[in-house]
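A.B. asks: I'd like to ask some things about the structure below.
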Amino acid sequence: MRNTGVELTLITNNLDSKDFQWVTNFNIAHNRNRIISLYNNNDKVLGTETIRRVGEDANTLYLVRWAGVDPRDGSPMWYDLRGNITKVFDLNNRVAVGSTNPDFFGGITNTVSYRQFSLSALVYYSVGGYGFSGLRRNSESDGLYIFDKNQSRNQLDRWREEGDLALSPKLMYGISSSSSRNSTRFVHKKTNLRLQNVSLNYRLPEKIAGKLRLQNFSAYLQADNVGFWTPYQSRKDRNTYKNSFSPYPLERVISFGLVAGI
C-alpha cells in the first residue's frame, strides 16, 4: 500500500497592539492511500461493508446501492450491478461506493487578547469522505427491531398507502424485508464542522499577584463539545447525523478553574 499526503500549518498575527492581540493558528492535511498489490490480486472483502482491491483506497465502502421505496406497495428497492432496479437484496450486487477517508481535514484556533483577558476558540473541520452508520441501520429497522431498540424519527416518514413518496418502507413488525441490511441507505457524507472548545481566561496583573505573594494567578471558564454542524440536515431527513459520526452524543462540558503559581 502506498501512502501520500501533505500537511500545512499557518500562524498569523492579525492584530498586535499594546492592549489588543489577535492570533490565528490554521492547519490543513490531505492524505491518500492506494493498494498496490494483493496476494494473487484477489479482492478481500472485510465483513459486509468494506473491500480491499488493487487500485482502491484501503477504506473503500463496498455495498449494495439503495434505490428507495416503491410508491406502489412500500417495498424496498436496490440497484443491481447494471444499474437496474430490483426488489431482491443480493450481496453479489455490491459495488465500491467511496472511501471513508476525508478529502482534507484540520483545525483553526483563534485567540484574542485584551489586556488581562484572553478568549480562544478551537474549530475542527473535515471535508469529504463517506461513513456507514450501523447505529442508523438498527434505528431505522422498518419494524424489525421496533420493540427492542429505539427507532429514528425517520420511521415517521414511512409508506402507508399507494402513491406515498416515503423515506422509509412500510413497517413490518418482526419481519425482515432486507431493507435494514447493509446498503448505501445508511451511508452519509462526513463533511462536518465541530466547535470543540471555547475558553475565556483572566490573568491577574503581576503587581497585584506579587502583593498576594504569588508569581502568577489566573482564572478560566471553558466549554468543550460546544457545537456540531453538517450541511446535510433537511426537513425530509429527520436524522441530524450527529449520532452517525459518534455512536453516542458527545457531552457538552463546562468547567471553571483557578491557577496559581507560588
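A.B. asks: For Lys207, list the aspartates and glutamates whose Cα falls under 18 Å from its own Cα; do not include residues on the same chain fewer than 8 positions away.
C.D. replies: Asp19
A.B. asks: Round to the nearest 0.05 the FRET efficiency obtained for Glu161 and Val45 when R0 = 41 Å and r is the Cβ-Cβ distance.
C.D. replies: For Glu161 and Val45, the calculated efficiency is 0.55.
A.B. asks: Where nothing but the Cβ of Lys and Arg (+1) and of Asp and Glu (-1) is charged, how large is the charge dipole of segment 181-222 around its Cα centre, in debye to the nearest 20?
C.D. replies: 320 debye
A.B. asks: Moving to a separate point now. Each residue of segment 69-78 in order: what ³J(HN,Hα) in whole Hz does its phi give by Karplus 6.51 cos²θ - 1.76 cosθ + 1.60, θ = phi - 60°, with x for Gly and Pro?
C.D. replies: Per-residue couplings from phi come out as 10, 6, x, 7, 9, x, 7, x, 9, 9 Hz.
A.B. asks: Counting only residues 5 or more places away or on other chains, whose amide H sits under 5 Å from the amide H of Gly68 once H atoms are built in the peptide plane?
C.D. replies: Met77
A.B. asks: What is the extension gain from Val127 to Asp73, computed as 0.36 nm multiplied by their sequence separation minus the C-alpha to C-alpha distance, in nm to one decimal?
C.D. replies: Between Val127 and Asp73, full extension yields an extra 15.7 nm.
A.B. asks: Now for a separate question. Provide the per residue accessible area, probe 1.4 Å, for the chain, rounded to a whole number of square angstrom.
C.D. replies: With the other protein chains kept in place, the chain gives 62 Å² per residue.
A.B. asks: Using the Karplus curve 6.51 cos²θ - 1.76 cosθ + 1.60 with θ = phi - 60°, work out ³J(HN,Hα) for each residue of segment 55-64 in order, rounded to whole Hz, and write x for Gly and Pro.
C.D. replies: x, 9, 5, 5, 10, 7, 6, 10, 9, 6
A.B. asks: Would you kindly state how much longer the chain becomes between Asn33 and Tyr173 on full extension, computed as 0.36 nm times their sequence separation minus their alpha carbon distance, in nm to one decimal?
C.D. replies: Taking Asn33 through Tyr173 to full extension adds about 46.1 nm, to one decimal.
A.B. asks: Can you order the peptides 124-137, 151-164, 39-52, 182-195 by their average number of other Cβ atoms within 10 Å per residue, highest first?
C.D. replies: Per-residue mean Cβ counts within 10 Å order the peptides as 182-195, 124-137, 151-164, 39-52.
A.B. asks: If you stretched the chain out fully between Val54 and Leu195, how much longer would it get, using 0.36 nm times the residue separation minus the C-alpha to C-alpha distance?
C.D. replies: Length gained, Val54 through Leu195: 47.0 nm.
A.B. asks: If you don't mind, there's one more thing I want to ask. Within the chain, what whole-number % of the accessible surface is contributed by carbon and sulfur, with the 1.4 Å probe and all protein chains included in the calculation?
C.D. replies: The value for the chain is 53 percent carbon and sulfur by accessible area.
A.B. asks: Right, here's the next one. Among all the aspartates and glutamates, which ones have a C-alpha under 14 Å from Lys190's C-alpha, if same-chain residues fewer than 8 places away are not counted?
C.D. replies: Leaving aside aspartates and glutamates fewer than 8 places away in the same chain, those within reach of Lys190 are Asp103.
A.B. asks: With θ taken as phi - 60° and the coefficients 6.51, -1.76 and 1.60, list the Karplus ³J(HN,Hα) couplings across segment 14-20 in order, rounded to whole Hz; mark glycine and proline as x.
C.D. replies: 6, 9, 8, 10, 4, 9, 10
A.B. asks: Follow-up question, since we're still on this one. Name the residues whose placed amide hydrogens come within less than 5 Å of the amide hydrogen of Asp103, ignoring near sequence neighbours (fewer than 5 apart) on the same chain.
C.D. replies: Distant-sequence amide H within range of Asp103: Val127, Gly128, Gly129.
A.B. asks: Which one of Pro71, Thr86, Leu46 is farthest out on the positive end of the charge dipole of the chain, using unit charges on Cβ (Lys, Arg +1; Asp, Glu -1) and the Cα centre as origin?
C.D. replies: Of the listed residues, the answer is Leu46.
The values are calculated or read from the model by the stated rules, or taken from the named source; none is laboratory data. These numbers were taken from a predicted model, which means no experiment stands behind them. Reconstructed Cβ throughout: ideal geometry from the backbone, glycine too, with neighbour counts over all protein chains shown. Side chains are part of the model used for accessible areas, which takes the heavy atoms of the whole protein and leaves out ligands, DNA and RNA. Shrake-Rupley method; radii C 1.70, N 1.55, O 1.52, S 1.80 Å.
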